[in-house]
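None of the figures in this text is laboratory data; all of them are computed from the coordinates on show. Since we're looking at a predicted model, the values are computed, not measured. Heads up, the Cβs are rebuilt from the backbone with ideal geometry, glycines too, and the neighbour counts pull from every protein chain shown.
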Amino acid sequence: MIQIFFSATQYAAATVTAAIRAGLFGPREHRRILVVSNTAAVPEVGTPLDRMAGFETLRPEFDEVRSWNEFIAPHHPAGWSPRDQDVQLWEKAVRLAWDLGDEPVEIACESIQANPSRAVAEIFADSPVHVYADGLMSYGPTRNRLPHELSSRIARVLHLDLVPGLRPMLLSEYGVEPEAVPGEVMVEVLAGIGEAGADLLARRLTADDRPTAVLIGQYLSAIDLITQDEEERLHVRMLRAAARAGHEHVLFKPHPSAPAVYSTSLETAAAELGVRLTALTEPVLAETVFAYLRPKLVIGCFSTALMTAAAFYGIPVARVGTELLLERITPYENSNRVPLTIIDAALPDAEHAELGRPLELDALAGELAPLVRTVGYCMQSRKYHGSREEAVAWLAAHLATHRKYFQRRRLTSLRLPGGSPVRAEALRRHPAVRRAVRRMRSAARQK
């Protein structure tokens with residue numbers, strides 16, 4: 001057996017490495033290959049995963065490292081998949097290029113509904129597939145429908161237990177069981193990766209003058225959730241919330257793809273507030289920042305890093321701007337909806353609540369589970385027919401206090417509590433209904 005692991009980010013590679021070290025892929029009896037890919041819009045200008053600082057701590061778990069970008073060049077890994085008639089040719093090409101011979105192959109990959117994972121699973125059409133999820137999206141439903149020949153090969157979903165006790169919905173409609181990657185092993189892996197980043201932070205920040213609060217940027221305008229100006233204002237709101245909580249030295253960790261103007265607008269606001277601001281533009285994992293600085297507060301919008309700060313490092317966390325995103329996020333099936341819902345429901349509002357207390361993680365799952373399942377049902381109702389009664393009962397009892405997580409139009413279309421009553425006259429005038437009636441009448445006349 002040859003085990004092939006596909007990773008597109010450093011955090012993803014850390015997750016699958018933690019799973020290996022935890023024994024979730026069995027003893028080291030198989031040849032293990034790590035295949036790295038860069039799905040950025042212009043991957044040529046980025047740093048490949050296997051050349052990033054800290055990768056050397058992951059390298060011993062793998063016999064070889066291959067580049068998917070180089071293998072399929074000039075195609076882009078996020079947009080390319082083989083034609084049906086070419087699948088067998090591509091499998092032969094991969095086996096020849098990577099010296100796989102005729103040995104059976106086992107695949108571990110992220111985001112099976114999207115490329116490059118989907119393309120790889122199609123190429124190795126007879127191989128078992130292990131899906132691993134490195135963030136809060138694992139708690140939401142699968143975005144796209146998978147063909148039976150693919151879904152039947154998925155063995156499990158490996159995920160980080162960021163909300164202890166909350167069961168992931170990802171791939172559950174296909175009967176795929178989730179399995180948690182031990183958090184303590186993940187923290188050890190992140191610590192190894194972060195040694196180089198910790199040295200950088202030590203040079204940037206003196207021991208007696210370190211930031212006590214960290215702001216996490218996401219670059220939400222890149223996925224068209226808000227505009228760039230709105231995202232700049234969102235970061236300023238985070239800074240004001242940190243200042244309100246009494247923090248005089250704040251570190252801002254922007255998204256790696258964020259424009260420099262983001263930190264420029266923050267510097268202006270920091271000067272007005274009398275807050276010392278440090279913008280960390282170097283490629284350092286957020287978890288390295290948490291482990292090294294041990295801040296007293298982390299503020300963000302709905303980044304997974306908020307939950308890793310709380311679950312892995314016990315740092316108090318808070319949110320800003322989730323109400324705006326809940327209004328803007330479209331379509332309702334958007335995969336970011338469940339992470340956004342979890343953060344909004346679980347974390348205190350940084351602009352109004354009392355800050356500085358660690359999250360009570362053990363109590364979260366009981367409160368979040370029915371909400372997440374109901375949101376998930378509304379997102380993908382056709383995949384979760386058995387969840388309708390629970391959703392109806394929960395909405396009838398709790399919609400008044402949780403209205404912001406549900407759209408009236410969606411509730412109406414699913415005939416759920418909180419939707420608008422559909423008038424018979426309006427229904428009769430609907431073009432789709434009129435077309436259906438005409439077809440039925442035409443079919444009746446032909447008989």
- Query: If you take the alpha carbon radius of gyration of the stretch 205-353 and divide it by 2.2 N^0.38 Å, what ratio comes out, to two decimals?
  - Reply: 0.97
- Would you mind calculating the gained length between Gln88 and Glu195 on full extension (0.36 nm times residue separation, minus the Cα-Cα distance), in nm to one decimal? 34.2 nm
- Task: Just rank Arg434, Arg237, fewest to most, by other beta-carbon atoms within 10 angstrom.
- Result: Arg434, Arg237
- Message: Expected output is a single nm value to one decimal: the length gained when fully extending between His75 and Gln228, i.e. 0.36 nm times separation in residues minus the C-alpha distance. What is it?
- Response: 52.1 nm
- Identify the trypsin sites (Lys or Arg not before Pro) of the stretch 67-175 meeting these criteria: DSSP loop state and at most 11 other C-beta atoms within 10 Å of the C-beta. Arg83
- Task: About the Cα centre of the chain, how large is the charge dipole given +1 on each Lys and Arg Cβ and -1 on each Asp and Glu Cβ? Please answer in debye to the nearest 20.
- Result: 3040 debye
- Given springs between every Cα pair under 10 Å in a Gaussian network model of the chain, which of Pro60, Pro256, Pro164 has the largest fluctuation? Pro60
- Could you calculate the FRET efficiency of Thr330 with Glu354 from 1/(1 + (r/R0)^6), where r is the beta carbon distance between them and R0 is 41 Å, rounded to 0.05? 0.80
- Message: Counting other C-beta atoms within 10 Å, and keeping those with at most 16, which DSSP coil GluC sites (Glu not before Pro) do you find in the stretch 1-90?
- Response: Glu29
- Message: Let me confirm the definition first: pairs of Lys residues in the chain, 8 or more apart or on different chains, C-alpha distance under 30 Å. How many are there?
- Response: 4
- Could you list Leu395, Leu277 in order of exposure, starting from the residue whose Cβ has the fewest other Cβ atoms within 10 Å? Leu277, Leu395
- Message: Using only the alpha carbons of the chain, what is the convex hull's orientation-averaged projected area in square nanometres?
- Response: 25.8 nm²
- For Asp63, Asp362, order by how many other beta-carbon atoms lie within 10 Å, fewest first: Asp362, Asp63
- Note on the structure: Counting only DSSP loop positions in the stretch 373-420, the trypsin sites (Lys or Arg not before Pro) whose Cβ has at most 15 other Cβ atoms within 10 Å are Arg415
- Find how much the distance from Ser420 to Val433 grows on full extension, using 0.36 nm per residue of separation minus their present alpha carbon separation; answer in nm with one decimal. 2.9 nm
- MRE, 222 nm, helices only [DSSP H, n ≥ 4, -39500 (n - 2.57), over the chain, to nearest 500]: -12000 deg cm²/dmol
